[in-house]
2 protein chains.
Amino acid sequence: MSQKTYEARKFKLIQFYRKFRRLPTYEELAELYGVKSKGSLHKYVQKFVDEDLIVKSEGGKLIPTTKLYGLRVLGSVQAGFPTVAEEELVDTMSLDEYLIANPDATYMLTVSGDSMIDAGIVEGDMVIVDRSKTPKPGDIVVANVDGEWTLKYFMDRSGKIFLRAANKKYPDIHPQDELTIGGVVISVIRKY
Amino acid sequence: MSQKTYEARKFKLIQFYRKFRRLPTYEELAELYGVKSKGSLHKYVQKFVDEDLIVKSEGGKLIPTTKLYGLRVLGSVQAGFPTVAEEELVDTMSLDEYLIANPDATYMLTVSGDSMIDAGIVEGDMVIVDRSKTPKPGDIVVANVDGEWTLKYFMDRSGKIFLRAANKKYPDIHPQDELTIGGVVISVIRKY
DNA sequence: TTGACAAGAGAACAAATGTTCTCTATAATG
DNA sequence: CATTATAGAGAACATTTGTTCTCTTGTCAA
């Protein structure tokens, strides 16, 4: 089994997974690779398992790993950007899994307004909000101020809770009665 | 079929998919729901298909939709943050699919240094880099300057190409001979 | 009480599943 | 040349797959 054709098979497998969000059956593999023998395909699959692209659970069920569906993570910018030839991977990972700890309590919002500009959050950014987290001082939260939802820093000065924008234009907000927090911002995403 | 138990089944299905990255078989569904009849399970599955959590391809193969594996997207912050009761979803989507157009040419890097601070990119951020894109003026690129990789704006003044940091501390860089570009930054991610 | 309805058990079915063989043709190596 | 290794074809297999039935039970409303 040459290295080149293995890479080609790996590529096709990844493409299949992206398209159907599941691993192919042997019959589909046969069509994918133009090979009729299930025996040969079984060897292919075993190779994928050896390379950790796939893990087998009880009953021969196949489970993909981040090596198959994840994004390639290189080191830091300054550490260098390897060429295609080098390909020094640090890790592979899924953005969904990396950014979202509690999928059932997590939402995404589009940012409008400039109240968090000094925190590097600008209009058009998307923020990922975790509803299940309890805000800590310094956290950015989605808060309801006068019936309107905004992004603010959650502050706590000796037990007295208030909100602060990351923009000197806006004054601090000291809630008179109750403060409604929609969730804690756990991630900010900007797409160019 | 009561609404409450349907929601419970939906939740378990989503959990199963997150864990195994594939949809369960009928036997696994039976264990999941504590029901022995395949006939009943078949009705469950049909309900999932009706609700667009799942799509059936030829041969009864099941394909999950973003409604099943995606993140919930609400409107903008100012537009309001619906309560759990309201749940006004705008969309569901996968971050992987949303952020990454060319998975095979896309990498992730950790940012170090302060050269792009005015662009809202700070140390510790992660940038997603597309190697296959051709840089346009104004794009942020991963560039090799004097054997070191850095983030810079890609500039073009009347045919003359140069690099500019988003930080007044650093001067423009006019490459004498050749400019090596590692890729174009398509997204920035900050995790708190 | 009666009737209508829905949920689940259980059985039956053809088709597809993954695995393990043997055998042949080809390529690589001495 | 002879030898060894490798890839694929093809067949056989025990399971498991999804689908479609019938039958029983329980629930709710009239």
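The values are calculated or read from the model by the stated rules, or taken from the named source; none is laboratory data. All of these numbers come straight from a predicted model, not from anything done at the bench. Because the Cβ atoms are built from the backbone with ideal geometry, glycine has one as well, and the counts that use them run over all protein chains shown.
Which members of the stretch B:13-37 meet the condition of being within 13 Å of DNA strand C (Cβ to nearest atom) and closer than 23 Å to A:LEU23 by Cβ?
Selection gives B:ARG22, B:THR25, B:TYR26, B:GLU27, B:LEU29, B:ALA30, B:GLU31, B:LEU32.
Report the residue count in the stretch A:38-60 for those that are more than 11 Å from DNA strand C (Cβ to nearest atom) and out of contact with any strand residue (DSSP E or B) (no Cβ under 8 Å at 6 or more places or on another chain).
The total comes to 4.
Is it fair to say A:TYR33 is hydroxyl-bearing (Ser, Thr, Tyr) and in contact with a Pro (Cβ under 9 Å, 6 or more places away or on another chain)?
When the stated conditions are applied, A:TYR33 does not pass them.
Restricting to the stretch A:101-135, name every residue that is free of Cβ contacts under 8 Å to residues at least 40 places away in the same chain and more than 28 Å from B:LEU13 (Cβ to Cβ).
Of everything in the stretch A:101-135, those that are free of Cβ contacts under 8 Å to residues at least 40 places away in the same chain and more than 28 Å from B:LEU13 (Cβ to Cβ) turn out to be A:THR110, A:SER112, A:GLY113, A:GLU123.
Of these, B:ILE140, B:ILE181, which one is among the hydrophobic types (A, V, I, L, M, F, W, C) and at pLDDT 95 or above?
B:ILE140 is the lone residue from the list that is among the hydrophobic types (A, V, I, L, M, F, W, C) and at pLDDT 95 or above.
For A:LYS47, state whether it is closer than 23 Å to B:LEU23 by Cβ, assigned by TED's automatic domain parsing to the domain that holds A:ASP91 and at pLDDT 90 or above.
When the stated conditions are applied, A:LYS47 does not pass them.
B:LEU29 versus (1) buried (at least 16 other Cβ atoms within 10 Å of the Cβ); (2) facing chain A (nearest Cβ under 9 Å): which is the lone unmet condition?
The single condition B:LEU29 does not satisfy is (2).
Filter the stretch B:46-77 down to the residues that are among the basic types (Lys, Arg), outside any strand (DSSP E or B) and more than 9 Å from chain A (Cβ to nearest Cβ) and list them by number.
B:LYS47, B:LYS67
Scan the stretch A:8-27 and give yes if some residue there is over 29 Å from the mean Cα position of the chain (by Cα), acidic (Asp, Glu), farther than 30 Å from B:LEU109 by Cα and modelled with pLDDT under 90, otherwise no.
yes
Filter the stretch A:44-55 down to the residues that are among the charged types (D, E, K, R) and loosely packed, with under 13 Cβ neighbours inside 10 Å, then identify the one that is nearest to DNA strand D (Cβ to nearest atom).
Residue satisfying both the conditions and the ranking: A:ASP50.
So how many residues does the stretch B:5-43 have that are part of a helix (DSSP H, G or I) and free of Cβ contacts under 8 Å to residues at least 40 places away in the same chain?
Qualifying residue count for the region: 23.
So that you can scan it fast, the table gives a plain yes or no per residue for (1) assigned to a loop (DSSP other than H, G, I, E, B); (2) within 11 Å of chain B (Cβ to nearest Cβ):
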{"site": "A:ILE121", "(1), (2)": "yes, yes"}
{"site": "A:LYS136", "(1), (2)": "yes, yes"}
{"site": "A:VAL141", "(1), (2)": "no, yes"}
{"site": "A:LYS152", "(1), (2)": "no, yes"}
{"site": "A:MET155", "(1), (2)": "no, no"}
{"site": "A:LEU163", "(1), (2)": "no, no"}
{"site": "A:TYR170", "(1), (2)": "yes, no"}
{"site": "A:VAL188", "(1), (2)": "no, yes"}
